[in-house]
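Working notes, beginning with the structure itself.
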Amino acid sequence: MDEADFYPEGALVTVLTAEPLDRTLDYKAPEGGVERGAFVEVPLGPRKVLGCVWGAGLGGFDLSKARRISAVLDVAPMRDEMRSFLEKVAAYTLTPMPAMLRLATRAPGLMNPPGMRKIYRRGTGLPPRETEARKRVLDTLDDYGGLSFTLKELADAADVTPSVIKGLLPSGAIVEEDTPRDLPYRRLDADAPGKELTEAQGEAAQALRAAVAAQAYSTTLLKGVTGSGKTEVYLEAVAECLKHGRQALVLLPEIALTSEFLTRFEDRFGARPAEWHSGVTMTERRRVWKMVGQGGAQVVIGARSALYLPFQNLGLIVVDEEHDGSYKQEDGVMYNARDMAVLRASLCSAAVVLASATPSLETWANVEAGKYKRLDLESRYGPAVMPDMQALDMRVDKLPATQFISERLANAVRMRMQKGEQSLLFLNRRGYAPVTICRACGFQIACDHCDARMVEHRFLKRLMCHQCGETKPMPEACPSCGVEGRLAPVGPGVERLAEEVAERFPEAKCAVLSSDLFASARALKEQIRLIAEGDTDIIIGTQLVAKGHNFPNLTLVGVIDADLGLQGSDLRAAERTFQLMRQVAGRAGRSEKKGIALLQTYQPEHPVIRAILAGDEEGFWRAEAAERKMAGVPPYGRMAGIILSGPDLAVVSDVANHLARSAMPLQRVGAQLFGPAPAPIARVRGRHRIRLLVKAEKGAPLQVALSDWVRQVKLPNNVRLQIDIDPQSFW
Ligand SMILES: [Zn+2]
Ligand SMILES: [Zn+2]
């Protein structure tokens, strides 16, 4: 440490807090002094708040009034690399630093004294009576040669109930001890042999190992369909990282997938990694945060915010399913975890692996531009992994408005049932029907707080707003004209589709996979397991089924409405539909049996539908890239969305118009301003929303211009302004 970075007792230092202030605050260093980056507890008014020592005090006030730092926390200080990462993300996303610090310290209880917990290890006593269960406990402890366990860890590892372990205490066969709660994670075995790799996988793994061993920044796209062994390949990169004594971070988009993933990880490295996602308990979060900072956690598997953990020596970041929309945080600090992972890696000389079967256009363009390397994995079943794809032109079917499965699709399902194979009917819409209309007066039931129609969920027996989550019971009479018994559902959701399936295939065993139909992730997993074992004839699913699950007996995918994603003004509509259709179609014929995907569409000649059918991925990317280049939109131009919202429409409009009239800072950098216009969903939770869109050339200093621009208006109390750099959604 530089001497200039240490502040002796009494010296004035400035502290960044997570409080919504526009500046840092000065305090006196406590007894024993404090170093730059140290996490501290400081008095603020009557409260004590968390802060980080940011540098020498700024002064400029009566120093005798300066208060003293009340405690230096027993955690690793913030490293310069982390500080610079937070500052760069703040500058890129136009986020105030206190909000960045909050994001980087999202572990409750950091200010509490370290707690204690009970651990269990082998004692010298003999059990009074050998039972099979007791023997398993003692064998497990012997296997791990003197290691201690928590009660739960030991019970899980030995497959016994906790009472078996407690029953061994009086004899002294097991000893119980108190230790600090936040213990290091079990060491991972980097030298354990990995799964046997095919030649192609081996080559890809070798390339990734070399990238990690270089201990320099690099980004590699690892492209391959599910089943091509992407995970095994990037776990080799993790092993290489561990060998160099560096830490690795694996980002995953969906919690439902992690437990399957954790088992694979444990098989590979002999122990579990640290986990960081919304399902992790508060105390466990604190342990992860502390241990990552002290090097007591070698690998973290987590959701996007794991990127802000205080890694001590980060050598590798894997972003699995890098195209996934959930990597973009849509409120608070609006950042894209994939892009910020690349930024973080460049600051700490780490390698990045972006894994995907259907990469985002951004990543594809970065490969084309030579910024990222690319590795392609073929499926282990050979290149013909995508099933045959055909469009079913729905214009010729003239289905009644209450029916959604064409006769041709129904016949294909029947054929599968005769052969004892499974079919998947895909519809990316939760609930029973997207619209409820009054057949007497034409009224459509809408949310009271949002500019959105309410979706009927028959399973829950309620109407639900998919914007704000508000629900209400289905009324008997029309809320507008009062006529009873004329409310009717319009359009399909998965629940309605399930009803049609039950009517048309009464002998079939069906399962509906939709996130809102399961009380817990465990119940969902159980259902997925049953399907994989072949317990189902027809699977009806939303987007949930597009991801990763392997159903070996599934040979037919029917897409109920292939046009659904193509509606709307979203610039990524084509890309998303292309990815989703390919992912869903890829569920069919994953084993030796060849699969087929049938896409019901009203526009079979649409270029995106044609590209999906042709399966010409590179062709699709090239055409899509050319179109975006022409339009000057990302990744070939820059965009920012500004969303103004407030309870009073007139006030919000005033602010929007004022902003539009004072766009000089934008014009100076050649940026164009579109709007103001009501947002596509013009009211959410009772707040009116107005959008402005800024477009600029790729090299333009957009952030500086944006902050100069919005600084000109003083926001009324109730109005909120959000800036979304590189917006992913346009609602
Ligand atoms: Zn009515
Ligand atoms: Zn609503």
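Since every read-out is calculated from the coordinates, none of them should be taken as a lab result. Keep in mind that this is a model prediction, so the values were computed, not measured. All Cβ positions, glycine included, derive from the backbone under ideal geometry; neighbour counts span all protein chains shown.
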Applying a 4.7 angstrom Cβ cut-off across the chain, unpaired cysteine residues come out as CYS52, CYS241, CYS348, CYS468, CYS510
Packing-based ranking, highest mean first, of 316-328, 8-20 given that Cβ atoms within 10 Å are counted: 316-328, 8-20
Between THR471, ILE165, ALA355, whose Cα lies farthest towards the positive end of the dipole of the chain when Lys and Arg beta carbons carry +1 and Asp and Glu beta carbons carry -1, centred on the Cα centre? THR471
With the contact rule set at Cα under 8 Å and sequence spacing of 6 or more, what percent relative contact order holds for the chain? 10
Label-point separation, GLN703 to ILE681 (7 Å along Cα→Cβ), nm: 2.8
Nearest-20 debye value, the chain charge dipole, Cβ charges on Lys, Arg, Asp, Glu: 1200
Taking alpha-carbon centroids only, segment 173-195 lies from segment 199-268 a number of Å equal to 22
How large is the dipole of segment 589-731 about the Cα centre if only Lys and Arg carry +1 and Asp and Glu carry -1, each at its Cβ, rounded to the nearest 20 debye? 400
How would you order 247-253, 94-100 from highest to lowest mean count of nearby Cβ atoms within 10 Å? 247-253, 94-100
Check cross-link reach from LYS152 to the aspartates and glutamates: straight Cα distance under 18 Å, and skip same-chain residues fewer than eight apart. ASP139, ASP142, ASP143, GLU176, GLU177, ASP178, ASP182, GLU266, GLU275, GLU284
What does the charge add up to near LEU169, with Lys and Arg as +1, Asp and Glu as -1, over the other residues with Cβ less than 15 Å from its Cβ? +3
Picking from LEU343, PHE620, MET100, whose Cα lies most toward the positive end of the charge dipole for the chain (charges on Cβ: Lys, Arg +1; Asp, Glu -1)? MET100
Sorted by chain and number, the residues with a modelled amide H under 5 Å from that of LEU463, at a separation of 5 or more or across chains, are HIS457, LYS472, MET474
Report, in whole Å, the centroid distance computed from the Cα atoms of segment 513-536 and segment 690-731. 42
Determine the alpha carbon to alpha carbon distance for each of LYS419/LYS593; LYS88/LYS629; LYS371/LYS698; LYS118/LYS290; LYS195/LYS230; LYS328/LYS714 and list only those over 21 Å. LYS88/LYS629; LYS328/LYS714
Could you please report the charge total around ARG181, scoring K, R as +1 and D, E as -1 over all other residues with beta-carbon less than 11 angstrom from its beta-carbon? +2
Give, in nm to one decimal, the length gained when the segment between ASN112 and ALA216 is fully stretched (0.36 nm per residue of separation minus the Cα-Cα distance). 33.7 nm
From the Cα gyration tensor of the chain, with a ≥ b ≥ c the square roots of its eigenvalues, which class applies: rounded if a/c is under 1.5, or else prolate if a/b is larger than b/c, or else oblate? oblate
Looking at the chain, send over the antiparallel percent of its DSSP beta bridges, to the nearest 5. 55
With label points set 7 Å from each Cα along the Cα-to-Cβ direction at THR471 and ALA508, the distance between them in nm comes to 2.7
Compactness of segment 619-731 as Cα Rg over 2.2 N^0.38 Å, two decimals: 1.13
Find the centroid of the Cα atoms in segment 121-137 and in segment 436-499, then give the distance between the two in whole Å. 61
